[in-house]
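Chemist: Have a look at the structure that comes next, please.
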Amino acid sequence: MERLVVAAGGWPVRVLIALLVAITFAASYRPALAAAPALPVSNGELRAQNVGWLSSEAVAEFAGVQFSVLVPTAVPAPFGGEPAIDASSGAYSLYWMIPGGEPTFLHIEGIAGGALPEGSPNDLNIPLEINADVGGSPAIHDVTEIYDNVWWKAGGVLYSISGRNSSADSVSLANAL
């Protein structure tokens, strides 16, 4: 016959030990929870930033992004409407394109943990260096005959804007996000 040992207050010792182990285990994970990445931008936050050009359905596509989603408050001319959106926990992309005629596009992207490019995408033999500022962060601005690019890092995320034939240059647009 097993004897039940009862602690003060009528609780069995085994139950108290199990509770103590569970509390200790939960407390050891509290720092990890505090270090979790920021929640993605919600529809309300985008609306608060005066981003009325994105529908609720489009905003929902950003639900899994684990860092700040930067979008323009207004879509620069000649683009309009919603872009093609691609989003995951570690990256997002917005892409506008006007087909036909001279290439006209705008691409805004964020990649968690991304690195600034070392060479120009137009010619990898041309090294790039910090030559601009976006929101207080050092940036690389690379303008060629085929694009106007800017890259900068903020909060461990590589953000970039690439465009052609837009009413706003990439650095001005980046500073307005």
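The values are calculated or read from the model by the stated rules, or taken from the named source; none is laboratory data. Note that this is a predicted model, so its numbers are computed, not measured. Here the Cβ is made from the backbone with ideal geometry for all residues, glycine too, and neighbour counts use every protein chain on show. Protein only, heavy atoms only, side chains kept; ligands, DNA and RNA dropped before computing areas. Shrake-Rupley method; radii C 1.70, N 1.55, O 1.52, S 1.80 Å.
Chemist: Report the gain in length on full extension from residue 115 to residue 129: 0.36 nm times residue separation, minus Cα-Cα distance, nm rounded to one decimal.
Modeler: Working: separation 14, 0.36 × 14 = 5.04 nm, distance 1.28 nm.
Between residue 115 and residue 129, full extension yields 3.8 nm more.
Chemist: Just the ratio, please: alpha-carbon radius of gyration of region 61-177 over 2.2 N^0.38 Å, N its number of residues.
Modeler: Normalised by 2.2 N^0.38 Å, the Cα Rg of region 61-177 equals 1.02.
Chemist: Probe radius 1.4 Å, ligands and nucleic acids ignored: give me the carbon and sulfur share of the accessible area of region 116-177 as a rounded percent.
Modeler: Using a 1.4 Å probe with all protein chains present, region 116-177 comes out at 50 percent carbon and sulfur.
Chemist: Moving on to the next point. 5 Å is the cut-off here: which amide hydrogens, built 1.01 Å from N in the peptide plane, fall below it relative to residue 134, excluding neighbours closer than 5 in sequence?
Modeler: Under 5 Å from the amide H of residue 134: 139.
Chemist: Could you report the accessible area of residue 173 in Å², rounded to 10, computed with a 1.4 Å probe on the protein chains as they sit in the structure?
Modeler: Ignoring ligands and nucleic acids, residue 173 comes out at about 10 Å².
Chemist: Between residue 77 and residue 57, how high is the FRET efficiency from 1/(1 + (r/R0)^6) when r is the Cβ-Cβ distance and R₀ = 25 Å? Nearest 0.05.
Modeler: 0.55
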